[in-house]
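Here's the structure, in structure tokens; my notes come after.
The values are calculated or read from the model by the stated rules, or taken from the named source; none is laboratory data. No experiment lies behind these values; they were computed from the predicted model shown. Every residue, glycine among them, receives a Cβ derived from its backbone with ideal geometry; neighbour counts consider all protein chains shown.
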Amino acid sequence: MVGAAAAGLTSTVTLPRPSLATEWPDDDPLIAALDQKILEGMERYSIPGAAVGVIWRGQSYMRGYGVTDVSNPQPVNTDTLFKIASIGKTLTGTAAMRLVDQRRLVLDQRVDSYVPDFVAPAGAQSVTVRQLLNHTAGWLGEDFHDTGSDDGALARYVHDIRNLPQLTPVGTVWDYNNAAVCCAGRVIEIVTGLTYETAVEQLVVQPLGMSRSGFAATPAGLDNLALPHSVGSDGKAVVNPAAFSVPRNLDPAGGQWVTSVKDLLTFAQFHLGDGRAADGQRVMSLAALRGMWSTLGPGGTAGVELIGVGVS
């Protein structure tokens with residue numbers, strides 16, 4: 001981990017940063033128009049700070065805007081740490097596919113073949129690892145209860161999944177599912193013999209050189225961190241520290257993940273590439289990489305969602 005941020009993140013990455021990004025090209029009219037839109041949006045919605053990365057025409061551009069904290073304003077830059085919420089699900093999926101590549105995990109194997117004490121909601125015991133990852137498990141996904149901060153937190157959370165209502169038959173309907181992705185994280189723990197956090201660091205973060213990425217339960221000890229804010233009654237942004245806290249058992253779904261725009265561009269470049277990291281090392285086969293971009297096939301969508309509605 002780079003600099004003082006090591007005190008607060010569980011990641012211990014020491015790989016050199018890939019040289020992927022270039023300076024924001026102020027003389028390009030399209031980039032300049034995007035720049036203006038970002039500034040207008042920040043003003044309209046009282047957003048104190050943002051970091052933006054763009055991959056365009058084979059080049060990566062990034063820039064920081066505003067400040068990390070309105071009560072102690074420091075400029076946002078391309079190394080500023082942000083909570084990434086559900087972007088963390090893509091790191092969970094990438095870790096799972098690395099295990100598939102290593103022939104340690106089979107997507108169409110039942111979950112209970114990996115997690116012997118797993119009990120699914122009624123009618124869903126046949127659920128597979130693939131169905132966890134592609135949001136077709138069918139049970140209620142909006143379950144955010146806290147099962148502790150120790151290494152057994154995820155196991156306890158997955159134990160409790162049996163109590164969730166089954167909304168649709170397994171494998172038939174797409175419905176965004178945080179609980180199912182957390183269950184996939186537990187599968188990763190059992191297959192690797194590591195905690196979810198350590199496993200994903202070893203499988204994804206370290207090989208890709210994402211040296212400003214990891215997990216943080218609190219802002220304490222973190223250097224160059226963008227704090228969460230809310231909009232006050234006067235329409236201005238105010239720091240909202242409570243919004244930082246998410247239970248550890250939700251880490252596979254996003255939970256305590258933090259990273260920088262620079263690292264996210266590194267991750268995006270990997271997914272747009274051929275399975276090699278920026279240093280040229282093979283991380284994943286092209287077949288496994290493309291498998292993460294495959295469609296679900298026939299089926300419907302539960303409710304009204306902004307994603308997963310059949311738009312390709």
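For beta carbons closer than 9 Å, sequence separation of 6+ or different chains, a first residue in the stretch 50-61 that is within 10 Å of residue 262 (Cα to Cα) and a second that is polar (S, T, N, Q) and not in a strand (DSSP E or B), the qualifying pairs are 51/77; 51/78; 51/80; 51/260; 53/78; 60/266; 60/269.
Of everything in the stretch 213-247 that is in contact with a strand residue (DSSP E or B) (Cβ under 8 Å, 6 or more places away or on another chain) and assigned to a helix (DSSP H, G or I), the residue that is surrounded by the most Cβ atoms within 10 Å (Cβ to Cβ) is 244.
For residue 167, the criteria (1) on the phi < 0 side of the Ramachandran plot; (2) without any contact (Cβ under 8 Å) to a residue 60 or more places away in the chain hold in every case but one, which is (2). Take the residues in the stretch 48-69 that are not acidic (Asp, Glu) and not in a strand (DSSP E or B); name whichever of them is surrounded by the fewest Cβ atoms within 10 Å (Cβ to Cβ). Here the answer is 58. Of all residues in the stretch 248-261, those satisfying the criterion of being closer than 24 Å to residue 194 by Cα and either assigned to a strand (DSSP E or B) or not polar (S, T, N, Q) (or both) are 248, 250, 251, 252, 253, 254, 255, 257, 258, 259. Filtered by the rule that a residue be surrounded by 18 or more Cβ atoms within 10 Å (Cβ to Cβ), touching a strand residue (DSSP E or B) at 6+ places or on another chain (Cβ under 9 Å) and of a type in the set (Val, Ile, Thr), the stretch 90-136 gives 111, 127, 128, 129, 136.
If you check 8, 3 for being within 21 Å of residue 252 (Cα to Cα) and at pLDDT below 95, only one passes: 8.
Residue under question is residue 175, and the condition is that it be within 18 Å of residue 248 (Cβ to Cβ) and among the charged types (D, E, K, R); does it hold? Answer is no for this residue.
Just one of the numbered conditions (1) among the polar types (S, T, N, Q); (2) at pLDDT 85 or above; (3) more than 16 Å from residue 259 (Cβ to Cβ) is not true of residue 68: (3).
Results for (1) among the polar types (S, T, N, Q); (2) under 30 Å from residue 184 (Cβ atoms); (3) assigned to a helix (DSSP H, G or I); (4) not assigned by TED's automatic domain parsing to the domain that holds residue 265, shown as yes or no for each residue.
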| residue | (1), (2), (3), (4) |
| --- | --- |
| 37 | no, no, yes, no |
| 42 | no, no, yes, no |
| 46 | yes, no, no, no |
| 96 | no, yes, yes, yes |
| 99 | no, yes, yes, yes |
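Does the stretch 262-296 hold any residues that are touching a helix residue (DSSP H, G or I) at 6+ places or on another chain (Cβ under 9 Å), of a type outside the set (Asp, Glu) and assigned to a helix (DSSP H, G or I), and which are they? Across the stretch 262-296, the qualifying residues are 264, 267, 270, 271, 287, 288, 289, 291.
Quick grid of which residues meet (1) under 18 Å from the mean Cα position of the chain (by Cα); (2) among the basic types (Lys, Arg); (3) under 10 Å from residue 120 (Cα atoms):
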position: 136; (1), (2), (3): no, no, no
position: 139; (1), (2), (3): no, no, yes
position: 154; (1), (2), (3): yes, no, no
position: 159; (1), (2), (3): no, no, yes
position: 163; (1), (2), (3): no, no, yes
position: 168; (1), (2), (3): no, no, no
position: 171; (1), (2), (3): no, no, no
position: 177; (1), (2), (3): yes, no, no
position: 184; (1), (2), (3): yes, no, no
